[in-house]
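Comments concern the structure below.
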Amino acid sequence: MRTLSLKVNGDTVQAAAPSHWTLLEVLRYKLGLTGSKQGCDKGDCGACTVLVDGRPVLACLTLAGAVEEREVTTIEGLMPLHVKSGGDGPDPVQAAFDRCGALQCGFCQPGMMLSARALLNKNPCPTRAEIREALSGNLCRCTGYTQIFEAVELAVAESIGVAPAPRSWEAQRMDPSEAQAAAKRAAAHLAERRKQEGRE
Amino acid sequence: MAQDEKDPVATWPARENLKVLNHDLVRVDARAKVTGAARYTHDVRVPGMAYARLLLAPLPALKIKKLDLAPALKIPGVLGAVALETDRTRWLGEPIAAVAATTPERAEDGLRAILLEYEREPWAIDEAQATAPNAPKVRSNAPKVSTDGDQASAERACEGAAAVIEATYTVPVQHHVCLETHGVVVDYKGGDEATVWCSTQSTFGFTPDAAKELGLKASRVTGLVEYMGGGFGAKFGLGLEGQAACKLSKEIKRPVHLMMTRRDEFLAAGNRTGGKMRIKLAASQDGTLVGMVADRRRFGGIGNGSMAKFPYIYAVENAYSETLSVPMNLDSNRAMRAPGHPQAGFGMESALDELAYKLGVDPLEMRKRNLKDKVYHRQLERVAREIGWYEHPHRDKPGDPKAEKCIGIGFGVAVWGGGGGGGTECEVRIERDGSVSAAVGTQDLGTGSRTYVAAITAEELGLRLEDVTAHIGSTRLPSATGSGGSTTTGSLAPAVKVAAFNAARAFAARLAPVFGVDAARVQFAGGEVRDTQGAKPALSWKQACAMLPAEGLSARGEWTKDANKRLAASGIHGAQAARVEVDTQTGRVRVLDMIAMQDCGLPLNRLAVVSQVNGGMVQALSYALHEERNVDAALGVMLNSTMEGYKIAGSLEMPRMVTIIDDEDERGVIGVAEATCIPGHSAIANAVFNACGARVRDLPLTPDKVLFALGKVV
């Protein structure tokens with residue numbers, strides 16, 4: 001047993017735990033931060049994903065002692081940190097997941113959203129392929145992922161200040177040529193932004 | 001005066017007049033879920049709580065010689081242990097004992113300290129072992145062959161037909177892989193009452209059993225299902241894990257948290273029946289199915305397994321089938337999203353497809369020819385159009401297998417009931433401050449039931465979704481049935497609708513004297529209370545509610561046959577198309593597009609319906625390409641009891657998915673979840689054949705099988 005000093009969601013917290021405990025064990029069983037989910041305990045499902053210094057990390061495979069002095073962000077911290085940095089309400093990723101119906105049971109979502117947040121931290125205008133890649137370590141059994149991709153794209157479009165491509169459920173109710181044109185416009189905006197960012 | 005004018009009844013408004021329902025609704029619990037505030041059973045923490053783990057049978061059949069729990073109790077932190085089976089175990093993973101400790105890790109240490117001595121008994125965990133001449137008797141009640149149809153006439157029909165195919169199709173055992181494993185938290189400290197949280201599909205289903213295990217009156221035990229992380233049919237009842245948690249809690253007089261580990265989940269928390277179907281299918285020259293003879297085996301572990309009846313959906317003039325369960329020393333099958341249907345669908349759709357190509361008939365036309373229900377015709381035509389079938393270069397014969405990359409399209413259809421039943425009741429309360437709640441003890445598996453409980457109430461009272469709070473997931477609330485077989489919507493929606501309707505009528509009666517009009521003229525719309533004839537100025541909802549007494553107003557409604565007739569229906573259809581790319585060098589199949597058209601009566605929340613259908617398609621894609629339980633029959637172990645070894649589809653495997661809600665269906669509400677996972681894998685397998693002529697009759701379509709099948713045609 002040792003006393004760990006962790007920086008979690010902007011707070012410095014102390015927790016007494018065996019040295020071999022994972023970050024997930026400390027979060028869930030010592031700090032009461034149960035938003036990070038326990039799905040497999042071996043790094044397969046991604047439900048425990050948290051951010052360490054802004055990068056996605058599987059908390060079930062990370063020793064808590066290894067992240068002392070580093071900034072750990074869990075799902076509970078996403079909205080408070082967004083507000084603290086001048087934002088209003090939930091992080092744009094959270095708001096987009098909410099609005100796109102990008103969840104059903106919701107158990108995989110904390111990890112999924114932190115992976116998405118990590119992606120947007122390093123690449124504010126990702127393509128669909130880059131989104132798929134970034135979320136490939138997070139398994140979801142309910143939704144079919146499509147609305148999750150669309151949620152991330154919505155967050156991206158709104159950060160650029162443009163309309164997103166019509167979402168899959170909207171497109172079927174639109175005139176096909178209109179839907180295509182809207183998708184094309186959104187793609188052009190993204191391409192332009194990627195060019196500005198030096199990504200194309 | 002007509003009867004309905006005297007005594008109005010709850011009905012859905014015309015669809016174009018709906019303000020909340022049939023729209024894209026943001027879930028009322030989405031904020032709780034995206035912020036991590038939603039508390040799942042796994043997340044429940046109670047002061048003084050112990051954590052428990054299960055000791056599972058390490059081999060498929062054991063005679064227990066000695067089970068000594070005392071060494072476990074000497075492990076630091078271990079608080080108690082209970083034996084669950086002391087004589088014999090009959091399936092791999094059957095729980096033998098459980099240990100509670102101060103941490104999950106200590107509980108695992110305790111498990112390792114338990115002294116278990118046993119003798120192996122003969123087992124059968126694959127088909128070869130189970131059907132060998134000297135196969136061990138897996139269970140005392142040996143299954144019998146069941147038959148359906150007349151064999152002689154079916155055989156005769158096949159003999160005289162223009163074309164016949166005969167082949168064997170197999171489907172693997174699939175696992176539910178809910179992201180939250182099974183488990184319970186029992187808050188019992190030795191008194192005469194308890195609270196039990198359970199990750200379950202039935203709030204009221206597990207609570208009486210928990211009370212029994214604890215030796216308490218059911219009325220003294222509160223069952224809670226605040227949020228649950230997926231079920232897909234596997235989570236009904238208290239389960240062996242729940243019984244173990246109650247036993248431990250009763251023994252140590254402390255709250256106990258027992259969530260199964262992922263390995264436990266694969267071994268002892270249910271699965272979808274595997275199986276084998278030997279099918280002879282015959283058609284006349286024009287593609288009409290005239291004869292079918294099938295011999296089917298169900299692999300449901302120690303259970304019976306399930307497989308929907310043949311002929312499946314398609315009409316066959318003369319059909320005969322024999323079905324036999326082949327028990328094995330493995331965990332029993334459980335209900336899994338459309339139990340028995342994806343299996344039967346794969347056999348039927350594949351055989352029909354083979355026959356179409358043999359006859360040189362367009363497989364889409366062949367399907368329509370044998371589908372009597374015209375709803376399927378419009379759905380198939382629509383998905384065919386969306387996926388580009390009519391422009392596809394090879395429709396009645398497969399593409400060239402010598403090409404490096406081959407593109408193909410395939411189809412499948414689905415059927416499900418989805419109607420409701422009695423046992424669900426709801427209470428709607430209107431408070432003096434204008435807030436409204438709808439309360440019913442039902443559970444939300446992620447399907448969005450919590451949201452439509454609020455939405456139906458809001459629609460009825462002319463309010464916005466956010467004006468209504470839904471209270472669900474507790475046995476302290478009005479009764480509700482479990483969520484199985486897509487019956488929740490058909491059971492719950494009418495009860496909520498009637499409760500909201502009754503609340504509106506009661507409120508109208510209170511307001512009538514104030515308004516100075518007859519109650520029948522009081523209308524709730526747009527956040528206002530209006531006189532339908534416009535003679536009186538409208539009141540805001542809040543102003544009207546301020547007239548209520550401190551206790552507000554409440555009204556109840558329940559599911560009745562009569563309400564069901566007006567508000568719900570049953571019997572849904574779905575058609576799906578898949579477009580795939582087959583890499584003929586590696587045998588890899590990539591699904592490029594999946595298109596679904598699905599009817600569901602009145603869609604309560606369009607966004608949630610789309611999500612259900614997308615989710616169903618992906619489970620089918622995953623069943624088509626990745627999922628399979630592997631066992632080593634000689635060693636008696638499961639080889640892939642992890643999410644690394646048992647692959648489910650991830651973001652990189654996702655095709656473009658389009659879900660089209662069939663708005664021509666004008667019936668009342670119908671549950672939609674099951675049907676959506678029935679046709680996808682068949683469509684994918686048929687698309688692989690259409691692409692390159694490789695017919696894989698054994699799911700999943702792994703690269704080795706695709707290459708092997710390609711080897712026969714190149």
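Quick notes on this one:
- Qualifying position, being within 36 Å of the chain's Cα centre (by Cα) and among the aliphatic types (A, V, I, L, M), among B:72, B:83: B:83
- Positions within region B:470-496 being out of contact with any Asp or Glu (no Cβ under 7 Å at 6 or more places or on another chain), closer than 14 Å to residue B:557 by Cβ and surrounded by 21 or more Cβ atoms within 10 Å (Cβ to Cβ), in sequence order: B:480, B:491, B:492, B:493, B:494, B:496
- Pairs linking a residue in region B:386-406 that is among the aromatic types (Phe, Trp, Tyr) to a residue that is surrounded by 15 or more Cβ atoms within 10 Å (Cβ to Cβ), with Cβ atoms under 6 Å and 6 or more positions apart or on different chains, are B:389/B:409.
- Residues considered: B:235, B:276, B:280. Of these, the only one that is within 30 Å of residue B:106 (Cα to Cα) and of a type outside the set (Asp, Glu) is B:235.
- If only residues of region A:135-149 that are out of contact with any strand residue (DSSP E or B) (no Cβ under 8 Å at 6 or more places or on another chain) and closer than 19 Å to residue A:43 by Cβ are counted, the one that is farthest from the other protein chains (Cβ to nearest Cβ) is A:140.
- Enumeration of residues in region B:6-48 that are facing chain A (nearest Cβ under 8 Å) and in contact with a Lys or Arg (Cβ under 6 Å, 6 or more places away or on another chain): B:24, B:26, B:29
- Entry remark, region B:178-197: residues being in contact (Cβ under 8 Å) with a residue 60 or more places away in the chain, open to solvent by 10 Å² or more (accessible area, probe 1.4 Å) and not small (Gly, Ala, Ser) number 4 in total.
Conditions (1) under 21 Å from residue B:554 (Cβ atoms); (2) touching a Lys or Arg at 6+ places or on another chain (Cβ under 7 Å), marked per residue:
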residue: B:404; (1), (2): no, no
residue: B:417; (1), (2): no, no
residue: B:442; (1), (2): yes, no
residue: B:447; (1), (2): no, no
residue: B:451; (1), (2): no, yes
residue: B:468; (1), (2): yes, no
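- Tally of residues being open to solvent by less than 90 Å² (accessible area, probe 1.4 Å), away from chain B (no Cβ under 14 Å) and either free of Cβ contacts under 8 Å to residues at least 40 places away in the same chain or polar (S, T, N, Q) (or both) across region A:167-200: 10
- Restricting region B:230-240 to residues that are open to solvent by 10 Å² or more (accessible area, probe 1.4 Å) and more than 14 Å from chain A (Cβ to nearest Cβ) leaves a set whose member that is farthest from the chain's Cα centre (by Cα) is B:240.
- Test: residue in region A:114-121 that is open to solvent by less than 50 Å² (accessible area, probe 1.4 Å), more than 12 Å from every other protein chain (Cβ to nearest Cβ) and at pLDDT 95 or above: yes
- Of the residues making up region B:313-353, those that are open to solvent by less than 30 Å² (accessible area, probe 1.4 Å) and either acidic (Asp, Glu) or at pLDDT below 95 (or both) number 3.
- Count of region B:536-585 residues which are touching an Asp or Glu at 6+ places or on another chain (Cβ under 9 Å), hydroxyl-bearing (Ser, Thr, Tyr) and over 23 Å from residue B:8 (Cα atoms): 2
- Residue match in region B:411-421 (condition: more than 25 Å from residue B:668 (Cα to Cα), open to solvent by 10 Å² or more (accessible area, probe 1.4 Å) and in the same structural domain as residue B:668 (by TED's automatic domain parsing)): no
- Residue in region A:47-58 that is more than 13 Å from chain B (Cβ to nearest Cβ) and among the β-branched types (Val, Ile, Thr) present: yes
- Some residue of region B:49-66 being in a loop (DSSP other than H, G, I, E, B), touching a residue at least 40 places away in the same chain (Cβ under 8 Å) and within 12 Å of chain A (Cβ to nearest Cβ): yes
- Selection within region B:646-664 - open to solvent by 10 Å² or more (accessible area, probe 1.4 Å) and more than 19 Å from residue A:167 (Cβ to Cβ): B:647, B:652, B:653, B:664
- Of residues in region B:598-650 being assigned to a helix (DSSP H, G or I) and of a type in the set (S, T, N, Q), the one nearest to the other protein chains (Cβ to nearest Cβ): B:614
- Failed criterion for residue A:85 (all others in (1) more than 13 Å from chain B (Cβ to nearest Cβ); (2) open to solvent by less than 50 Å² (accessible area, probe 1.4 Å); (3) of a type in the set (Gly, Ala, Ser) hold): (2)
- The combined condition, being open to solvent by less than 30 Å² (accessible area, probe 1.4 Å) and either in contact with a Pro (Cβ under 6 Å, 6 or more places away or on another chain) or free of Cβ contacts under 8 Å to residues at least 60 places away in the same chain (or both), is not fulfilled by residue B:165.
- Residue check, residue B:608 assigned by TED's automatic domain parsing to the domain that holds residue B:347, over 20 Å from the mean Cα position of the chain (by Cα) and more than 20 Å from residue B:274 (Cβ to Cβ): no
- Elements of type helices (runs of 4 or more DSSP H) contained in region A:65-132, each with 2 or more residues being β-branched (Val, Ile, Thr): A:75-84
- Test: residue in region B:575-586 that is within 14 Å of another protein chain (Cβ to nearest Cβ), touching a helix residue (DSSP H, G or I) at 6+ places or on another chain (Cβ under 8 Å) and surrounded by fewer than 24 Cβ atoms within 10 Å (Cβ to Cβ): no
The values are calculated or read from the model by the stated rules, or taken from the named source; none is laboratory data. None of the values given here were measured: they were computed from a predicted structure. Here Cβ is always computed from backbone atoms with ideal geometry, including for glycine, and neighbour counts include all displayed protein chains. Just the protein is used for accessible areas: all its heavy atoms, side chains included, with ligands, DNA and RNA removed. Shrake-Rupley method; radii C 1.70, N 1.55, O 1.52, S 1.80 Å.
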